[in-house]
Amino acid sequence: MIETRAIRPALGVEVTGVEDLNDERVIAQCLEALKWRGFLLIRGLNLDDEAQLAFSRRLGEVRTPAPGQEIFVVSLDPAKSRSAEYLKGTFEWHIDDTTHDVPAKATMLTCRHTAMVGGGTEFASTYAAYDNLPERDRKRYEGLRVVHSFAATQRLANPNPTEEQLAMYSTMPTHESSLVWTRQDGRKSLVIGISADHIVGMRPDESRELLDELLAWTTQEQFCYAHQWEVGDVVIWDNTGMLHRALPYDPKSERTMHRTTIAGDEAWS
Ligand code: OGA
Ligand code: MN
């Protein structure tokens, strides 16, 4: 008998009693939870790659850079992950794919090894943050457009890029979207985080101030949850509406997550 329990009033649900990941009702509940609660946690599942992939496929279309590479290893150890360098950017609040046209719908992480200290993953609901904005702020943000860039994602981790790095950043795509995203189903969320470079048509200092203010609002305790991993945990989150970040851990630690990405079907507006 599967049961669900809210993790925080504004976001998150823990699903217990899961016996069969092929059960239609389990899949339906997971999809429903993802839509309304932002992320879901199932402890102790201990999925291997094959089972993770099968479960992911029940939730949607699994995105992959190439056939056979559906599972991405999240680790700061260059021997385990080809993107270890890039993953350092995950310590700042972000939404994945803000420079794509269509963001991933959901991300699944399974925990294979934990860090000895730290290494949690924290989530902040931009739906809840938007819903709780005072009316005057909603008015202020209405109609604003924001440009996201790879360069912006690097600005805190690497505040003084070399010429070479700058040249590399400029080859990466940027993407403009509305700051407040109204989805086809009418729900609203905020498209912010480390990749938010500037607000279109606003003075750089004003723009930075507004984006920082909005990020600070969204990452208040009441809209957040930090998950402390245990081996075997599965967490799935709605990438389009949850800001997320890895909490600090020793890069030499064993911390390893296996990740699958569920393709999205709605473009940023
Ligand atoms: C990601 C990510 C955070 C973490 O996989 O997109 O941001 O805690 N991971 O590893
Ligand atoms: Mn991420």
*Probe 1.4 Å, all protein chains in place: accessible area of H113 in Å², nearest 10?*
80
*Could you bin all the Cα-Cα distances of the chain into 10 Å bins starting at 0 and give me the percent of pairs in each, rounded to whole numbers?*
7, 29, 37, 22, 5, 0
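Roughly speaking, to the nearest percent, how much of the range 3-262's 1.4 Å accessible area is carbon and sulfur? Each step should come with its number before you reach the end.
Working: 6540 of 12850 Å².
That fraction is 51 percent.
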*Measuring from centroid to centroid over Cα atoms, what is the spacing of the range 89-159 and the range 232-261 in Å?*
13
_Acute angle (nearest 10 degrees) that the helix 49-59 long axis makes with the longest principal axis of the chain, alpha-carbon atoms_ = 70
*Where does helix 204-218 land angle-wise versus the long Cα axis of the chain, in degrees 0 to 90, nearest 10?*
30
*asked:* Only four residue types carry charge here, +1 at the Cβ of Lys and Arg and -1 at the Cβ of Asp and Glu. Report the dipole size of the chain about the Cα centre in Debye, rounded to the nearest 20.
replied: 280
*Among Q29, L210, A152, whose Cα sits farthest toward the positive end of the charge dipole of the chain (+1 at Cβ of Lys/Arg, -1 at Cβ of Asp/Glu, about the Cα centre)?*
L210
_For the chain, accessible area per residue (1.4 Å probe, heavy atoms of protein chains only), Å²_ = 50
_Using alpha-carbon coordinates, inclination of helix 24-37 to the longest axis of the chain, degrees_ = 30
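The values are calculated or read from the model by the stated rules, or taken from the named source; none is laboratory data. Remember, it's a predicted structure, so these values are computed and weren't measured experimentally. Don't worry about glycine lacking a Cβ; one is built from the backbone with ideal geometry, like all the others, and counts go over all protein chains shown. The area values use the complete protein model at the heavy-atom level, side chains included, leaving out ligands, DNA and RNA. Shrake-Rupley method; radii C 1.70, N 1.55, O 1.52, S 1.80 Å.
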